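Before any comments, here is the structure.
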Amino acid sequence: MASCFSMTCVFLAFLVVASSLGHVVSSPLLSDSGDRQRANHTKDIQKLKLRRINAYMNKINKPAFKTIQSPDGDVIDCVLSHLQPAFDHPALQGQKPHFVQEDPPEKPKGYKYTEAVAESESFQLWADSGESCPEGTVPIRRTRQKDILRASSITRYGRRHVRRDSTGSGHEHAVAFVKEDEYYGAKASLNVWAPRVSNKYEFSLSQIWVISGSFGNDLNTIEAGWQVSPELYGDNNPRFFTYWTTDAYRATGCYNLLCSGFIQTNNKVAIGAAISPTSSYNGRQFDIGLMVWKDPKHGNWWLELGSGILVGYWPAILFSHLRSHANMIQFGGEIVNSRSSSGGLHTSTLMGSGHFAQQSFGKAAYFRNLQRVDWDNNLLPITNFRLLADHSNCYDITQGRNNLWGTYFYYGGPGRNVRCP
């Protein structure tokens, strides 16, 4: 190659060197600018998210007539009955006097009081404070910013994820059910435990389902029981809960009073609040009675806790299929199994007591005195039910009958074990 001593070559060489130096010097400045832009963008997104969360909290948290601090950290707001979230529902807005059922529902024929009302009224931790909500108000667990931040999104807060096939990663059950008839209610007593839940994306619950429609997008359900859900509540306490949907958990319904719909009438029970005491292995058993039934006069679906404690009701107008009757009722346990968070292994989230059904009383979870309400508002024992355990090596169920407990079953299990890898 020929040597180059011309001014042109010198100038080109200068450009190359200057360009290299310029790159070395300017690159950090450009990088700092990009980092600042990304940081500002992230801050803007966070501010927008917090604004949305605060707007949601302002909507769902109604003005408190009185506030009670629960020993477990919950805040219970005593909200004037006519200001509760139910009346934000489009079907109920502006028409409260027409849809509020002032007269008590007609109890099913054959109903018997078997438990002390006073004991059932003091089964929640917040009541241990000695404070209570005045007549004319309803106790509502306050939603806080940290509650919503635990959810995958604001729109999913307080809602169940879409029901999935239990053969894969998803929901697993150990249940007793009846179907292929017309049902107007269900009743049972179930003991309360505090099962360990493996991670915040899973839950463990025990409940009654009142179901109508197909298991497609038109599924209607009313649900009530107790659950442990770290994502929803931020702890591992068992809590009294309700749920409803008219479209298979897609867009309608929610847990507790986290959306409009359920009308609470009781000033002593806080839906979503922690239950105390709970059952202990080989020790004292604590159970709660639940009944959901359709009032024959007004057609609304009422919820009763214990013996005679009317919690409130789901107006019939909320539903499509359940506006008439249910075609299936179900009792039992359910957990979420998120294999992806446990390296592909089955979850070790407990169902019920965490012990298999065969261990029976004092060790396994149970439902007792299973009953149904027929078309003529008769409360009848359930005798011809079926049992289903999605994965019986993980969670199982066995049935029985005697004069004291009527129709009953034990259920539950530890999840992952040598037979349930």
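For I317, tell me the accessible area in Å² from a 1.4 Å probe, rounded to the nearest 10.
The accessible area of I317 comes to roughly 60 Å².
Explain nothing, just the number: dipole magnitude of the chain about its Cα centre with +1 on each Lys and Arg Cβ and -1 on each Asp and Glu Cβ, in debye rounded to the nearest 20. Before the final figure, lay out the partial values.
Working: 43 positive and 36 negative charges, 178 e Å.
Dipole about the Cα centre, nearest 20: 860 debye.
For T265, what accessible area in Å² do you get when you roll a 1.4 Å probe over the heavy atoms of the protein chains, rounding to the nearest 10?
Per-residue accessible area (T265): approximately 70 Å².
Tell me, rounded to the nearest percent, the portion of alpha carbon pairs in the stretch 202-301 spaced more than 25 Å apart.
Values: 1185 of 4950 pairs.
Beyond 25 Å sits 24 percent of the P(r) for the stretch 202-301.
Report the gain in length on full extension from D247 to A316: 0.36 nm times residue separation, minus Cα-Cα distance, nm rounded to one decimal.
Details: separation 69, 0.36 × 69 = 24.84 nm, distance 1.49 nm.
Roughly 23.3 nm would be gained on extension.
When N is the residue count of the stretch 262-387, what does its C-alpha Rg come to as a fraction of 2.2 N^0.38 Å? Working shown, then result.
On the way: Rg = 17.8 Å, N = 126, 2.2 N^0.38 = 13.8 Å.
Compared with the compact-globule rule of thumb, the stretch 262-387 sits at 1.29.
Treating cross-link reach as a plain straight distance, find the lysines whose alpha-carbon is under 16 Å from the alpha-carbon of K47, omitting any fewer than eight places away in the same chain.
Excluding near neighbours in sequence, the set is K146.
Share of the chain's accessible area from carbon and sulfur, percent, 1.4 Å?
Working: 10540 of 19230 Å².
Of the solvent-accessible surface of the chain, carbon and sulfur hold 55 percent.
Quick one: length gained pulling T398 to K47 fully straight, 0.36 nm per residue minus the C-alpha distance? The partial results should precede the final answer.
Values: separation 351, 0.36 × 351 = 126.36 nm, distance 5.22 nm.
Result for the pair: 121.1 nm of gain on full extension.
Translational diffusion coefficient, Stokes-Einstein: compute it for the chain using the Kirkwood radius over C-alpha pairs as Rh, at 37 °C and 0.692 mPa s, and state it as an integer in µm² s⁻¹.
Working: Rh = 23.6 Å.
In µm²/s, the coefficient is 139.
Excluding residues fewer than 8 places away in the same chain, name every one of the lysines whose C-alpha is closer than 26 Å to that of K297.
Result set, ordered by chain and number: K96, K107, K109, K112, K179, K187, K268.
Which listed residue (Y313, G158, F367) has the Cα farthest towards the positive end of the charge dipole for the chain, taking +1 on Lys and Arg C-beta and -1 on Asp and Glu C-beta about the Cα centre?
It is G158, whose Cα lies furthest towards the positive end.
Note down the nm distance, to one decimal, between modelled labels 7 Å out along Cα→Cβ at F65 and at E102.
1.7 nm
Dividing the Cα radius of gyration by the Kirkwood radius, what Rg/Rh value follows for the stretch 143-266? Provide the component values of the computation, followed by the final result.
On the way: Rg = 14.7 Å, Rh = 15.7 Å.
Value, to two decimals: 0.94.
In Å and on Cα atoms, what radius of gyration and Dmax does the stretch 46-90 show?
Computed over the Cα atoms of the stretch 46-90, radius of gyration and Dmax are 12.9, 36 Å.
With runs of 4+ DSSP H residues as the only contributors, calculate the mean residue ellipticity of the chain at 222 nm using -39,500 (n - 2.57) per run, divided by the residue total and rounded to the nearest 500.
Numbers: 5 runs with 72 residues, N = 421.
Helices in the chain give a 222 nm mean residue ellipticity of -5500 deg cm²/dmol.
Once the cut-off is 20 Å, how many percent of the Cα-Cα pairs in the stretch 342-421 end up in the long-distance tail?
On the way: 1315 of 3160 pairs.
Considering the stretch 342-421, 42 percent of its Cα-Cα pairs are separated by more than 20 Å.
Could you state the accessible area per residue of the chain in Å², with a 1.4 Å probe and every protein chain left in place?
Here the per-residue accessible area is 46 Å².
Please state the equivalent ellipsoid semi-axes for the stretch 185-242: what are the square roots of 5 times the Cα gyration tensor eigenvalues, largest first, in whole Å? Don't jump to the answer; show the numbers that get you there.
Numbers: eigenvalues 112, 48, 13 Å².
Taking √(5λ) for each Cα gyration eigenvalue gives 24, 15, 8 Å.
Could you state the orientation-averaged shadow area of the convex hull built on the Cα atoms of the stretch 296-348, in nm² to one decimal?
Spelled out: convex hull of the Cα atoms, projected over all directions, averaged, 6.7 nm².
Taking 41 Å as R0, compute the FRET efficiency from the Cβ-Cβ separation of H298 and N217 and round it to 0.05.
Numbers: r = 28 Å, r/R0 = 0.68.
Approximately 0.90, to the nearest 0.05.
The values are calculated or read from the model by the stated rules, or taken from the named source; none is laboratory data. Since the model is a prediction, treat every value here as computed from it, not as a measurement. Please note: Cβ atoms are built from the backbone with ideal geometry, for glycine as well, and neighbour counts cover all protein chains shown. Each accessible area value is taken on the protein alone, full model and side chains, heavy atoms only, with ligands, DNA and RNA left out. Shrake-Rupley method; radii C 1.70, N 1.55, O 1.52, S 1.80 Å.
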